[in-house]
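> Dropping a structure here in structure tokens format, bear with me for questions.
The values are calculated or read from the model by the stated rules, or taken from the named source; none is laboratory data. Just so it is clear, the structure is predicted and the values come from calculations on it, not from any experiment. When we count neighbours, we look across all protein chains shown, and the Cβ atoms used for this are built from the backbone with ideal geometry, even at glycine.
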Amino acid sequence: MVNVLTPERAERAHGPRPARPVVAARDRTRRRQTVVAYLFLAPTLLFFAVFLVLPLGFALLLSLSHWSGFALGDIRPVGLDNFTGLFADGSTFLAPVLTNTLLFALGTVALALAGSLTVATCIDNLRFQGLWRTLYFLPIVTTVVAVGNVWKYMYEPGGLVNGALNALGLDSVAFLQDPDTALPSVVVVQAWASVGTAILVLTAGLKSIPESYYEAAALDGAGPVTVFRRITLPLLRPSLLLVCVTQIVTGLQSFALIVVMTRGGPGDATDVAALEMYRQAFSYGDWGTASAAAFVLFAVVLAVTLLQLWIFRRGGEDA
């Protein structure tokens, strides 16, 4: 008698057959989906390669070379000479250029943060909040050239600011002509122009704080200062971190406003890193030094940003 195994018995005897056709079909489908995904991403990847990766690599090459900006065949490797030249004796990059850059950025952050926090807190307790936020946001949509020129005329000896000082019985101030007041004057303009974005971020943060916290504080008899210090500020820490990081990066990279208002003067009182890079490349034809300065500025921006993140983490915020 011949023992014939049915397919079911054979499968139980030898185990289930591997589903190779099914696995192969799934692999083909996955590969096809991957190819289609990269085809859709190709324009974006090409854009970043052409306008980010290639310029970054070329800037790194120039930072280690000497090039006058004309024929590519004139690029001459010089190693780290461009970097050492920035910090050599007699160089103005560390002082006053980099010093002015840091003072400009820190001053902008301090004024913008204090002003936006005050205004956002006031707006949160007013009617027609959308109207007030729109009014304070208007400088953001105005071009830097227009803002700089308007404030430049306001700072003139016969301008609006000195007119207000004269009306109060005070003498006129040469805001942009005096080396001692030029940089603080531009800092005020930069802070005023960037306070609108900070207000939007902070008002959104204030709206996210539950009212139950304030109600509990009122029942405990806490005053406005205690509520602000114990409730509002700690719960606003994520929004404050965003404002600080964005403002400090913008301040360290500032260029257009300085060019419009002072062109780095008087003397080098308002000369900042971005303006110095522009001069080295387009005025002096030293693209190697300009590229090296750009990487130094990048390192400064990265260090300051990481320092801010560390400070906020120590305060209890997981950034």
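> So is Thr250 in a loop (DSSP other than H, G, I, E, B) and under 19 Å from Ala110 (Cβ atoms) or not?
Judged against the criteria, Thr250 is not a match.
> Among the numbered criteria (1) more than 30 Å from Val161 (Cα to Cα); (2) out of contact with any helix residue (DSSP H, G or I) (no Cβ under 8 Å at 6 or more places or on another chain), which single criterion is violated by Gly205?
Unmet for Gly205, out of (1) more than 30 Å from Val161 (Cα to Cα); (2) out of contact with any helix residue (DSSP H, G or I) (no Cβ under 8 Å at 6 or more places or on another chain): (2).
> Select from segment 79-108 the residues that are surrounded by 13 or more Cβ atoms within 10 Å (Cβ to Cβ) and among the hydrophobic types (A, V, I, L, M, F, W, C) and list them in ascending order.
Answer for segment 79-108, where residues must be surrounded by 13 or more Cβ atoms within 10 Å (Cβ to Cβ) and among the hydrophobic types (A, V, I, L, M, F, W, C): Phe83, Leu86, Phe93, Val97, Leu98, Leu102, Leu103, Phe104, Ala105, Leu106.
> Given the residues Gly90, Gly73, Gly107, which is the only one that is free of Cβ contacts under 8 Å to residues at least 60 places away in the same chain, out of contact with any Asp or Glu (no Cβ under 6 Å at 6 or more places or on another chain) and closer than 25 Å to Pro179 by Cα?
When all the criteria are applied, what remains is Gly90.
> Which condition does Arg263 not pass, out of (1) without any contact (Cβ under 8 Å) to a residue 24 or more places away in the chain; (2) assigned to a helix (DSSP H, G or I); (3) not small (Gly, Ala, Ser), if it passes all the others?
Only one criterion is unmet by Arg263, namely (2).
> How do the pairs read when you match residues in segment 165-188 that are more than 16 Å from Gly264 (Cα to Cα) and of a type in the set (Gly, Ala, Ser) with residues anywhere that are at pLDDT 90 or above and assigned to a helix (DSSP H, G or I), using Cβ under 7 Å and keeping only pairs 6 or more apart or on different chains?
The qualifying pairs are Ser172/Asn162; Ser172/Leu165; Ser172/Asn166.
> Which one of these is without any contact (Cβ under 8 Å) to a residue 12 or more places away in the chain, over 15 Å from Met261 (Cα atoms) and either touching a helix residue (DSSP H, G or I) at 6+ places or on another chain (Cβ under 7 Å) or surrounded by fewer than 19 Cβ atoms within 10 Å (Cβ to Cβ) (or both): Thr134, Thr121?
Thr134
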